[in-house]
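Each remark here refers to the structure printed beneath this line.
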Amino acid sequence: MKLVILDGHAVNPGDLPWDDFKNLADITVYERSKPEEVISRIGDADAVFLNKINITKEILDACPNLKYIGVLATGYNVIDLDAARSHNITVTNIPSYSTDSVAQHVFSFILNFTNQVSLHNASVQNGDWIRCPDFCYWNAPLTELKGKTLGIFGYGNIGKRVSEIAKVFGMNIICSTRTPKENMPPMVSFEELLSKSDFVSLHAPLTDKTKNIINKDTLSLMKKSAYLINTARGGFVVEKDLAECLKKGQIAGYAADVLLEEPMSKDNPLLNAPNCVITPHIAWAPLETRKRLQEIALNNLKAFISGKPVNVVT
């Protein structure tokens with residue numbers, strides 16, 4: 001079997017070997033691939049792994065030997081699934097590999113807002129504590145999480161894990177989801193979730209109904225003291241509306257690991273917006289998490305070769 005990995009750097013920038021894959025196939029790894037390079041790089045390969053590379057009907061028409069596409073992520077919207085079906089190509093994804101790391105990232109954002117660690121470290125490194133007449137000082141309000149209300153929008157694996165961590169902090173939890181489950185936190189409408197929560201964390205899938213669900217109208221429902229956390233999809237947010245909201249102080253802050261356009265564009269309205277914390281889509285990227293992803297991808301490939309594919313999306 002001939003296997004091509006089109007954008008291996010995203011999952012493995014050099015700290016994880018591809019050796020186990022080499023035992024299954026004749027493997028070629030490209031760190032990154034431009035759109036115009038995809039067809040030639042796939043060539044006559046039987047299988048391809050990718051993360052964010054768009055696979056269109058035109059690409060599949062030009063690569064008739066391709067039998068398998070492994071998406072090195074949970075989301076598979078980069079693949080033209082109808083075209084893959086018409087070519088009898090099996091497409092698999094990597095489900096539920098990043099639950100713990102994303103939930104951890106959510107609380108890194110929340111604790112950044114409540115404890116202001118970055119702000120106070122910068123102050124100390126600047127010599128402010130050396131010059132301080134008192135044994136302690138704080139440059140911004142500090143907040144306990146106990147007793148605060150966390151609103152979780154979407155209660156899949158990550159939303160559930162976030163809820164479990166919140167309980168340890170003594171937070172009150174409410175939830176809005178399209179798929180109610182047993183033993184879940186009290187369920188409310190999305191509007192009630194926004195209006196009652198001190199922190200709102202987004203974890204629903206991006207659909208036509210959830211696209212742009214965070215906009216000037218829904219933001220107006222939130223408390224001025226509330227924080228919004230987004231580790232799910234940039235498409236939830238009308239970024240211009242949110243930037244204006246932050247400038248006017250209508251909510252206390254926004255933290256995101258995802259944007260509508262990635263990498264971030266220089267004219268993104270959230271760039272340098274007040275009380276806005278943005279990380280470059282890294283919630284899924286701890287070493288342990290990427291190792292788990294790679295192991296699932298390997299098992300997906302083994303299952304396909306054996307004729308019993310798993311984690312199939314089409």
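The values are calculated or read from the model by the stated rules, or taken from the named source; none is laboratory data. Because the structure is predicted, anything quoted here is derived from the model rather than measured. Every residue, glycine as well, gets a Cβ built from its backbone with ideal geometry; the counts of neighbours run over all protein chains shown. Please note that ligands, DNA and RNA were not included when accessible areas were found on the heavy atoms of the full protein model with its side chains. Shrake-Rupley method; radii C 1.70, N 1.55, O 1.52, S 1.80 Å.
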Note to self: When the residues of the stretch 75-99 are narrowed to those that are surrounded by 16 or more Cβ atoms within 10 Å (Cβ to Cβ) and polar (S, T, N, Q), which ends up farthest from the chain's Cα centre (by Cα)?
What the structure shows: 90
Check: Can you name the condition, by its number, that residue 55 falls short on among (1) of a type in the set (A, V, I, L, M); (2) open to solvent by less than 10 Å² (accessible area, probe 1.4 Å); (3) free of Cβ contacts under 8 Å to residues at least 24 places away in the same chain?
Finding: (3)
Notebook entry, point to check: What tally of residues in the stretch 200-234 results from selecting those that are open to solvent by less than 10 Å² (accessible area, probe 1.4 Å), under 23 Å from residue 157 (Cβ atoms) and of a type outside the set (Ser, Thr, Tyr)?
Noted result: 7
Checklist line | Scan of the stretch 183-199 for residues that are surrounded by 16 or more Cβ atoms within 10 Å (Cβ to Cβ) and among the hydroxyl-bearing types (Ser, Thr, Tyr), ordered by number | finding: 195, 197
Check: Would a scan of the stretch 226-242 turn up a residue that is free of Cβ contacts under 8 Å to residues at least 40 places away in the same chain and hydroxyl-bearing (Ser, Thr, Tyr)?
Finding: no
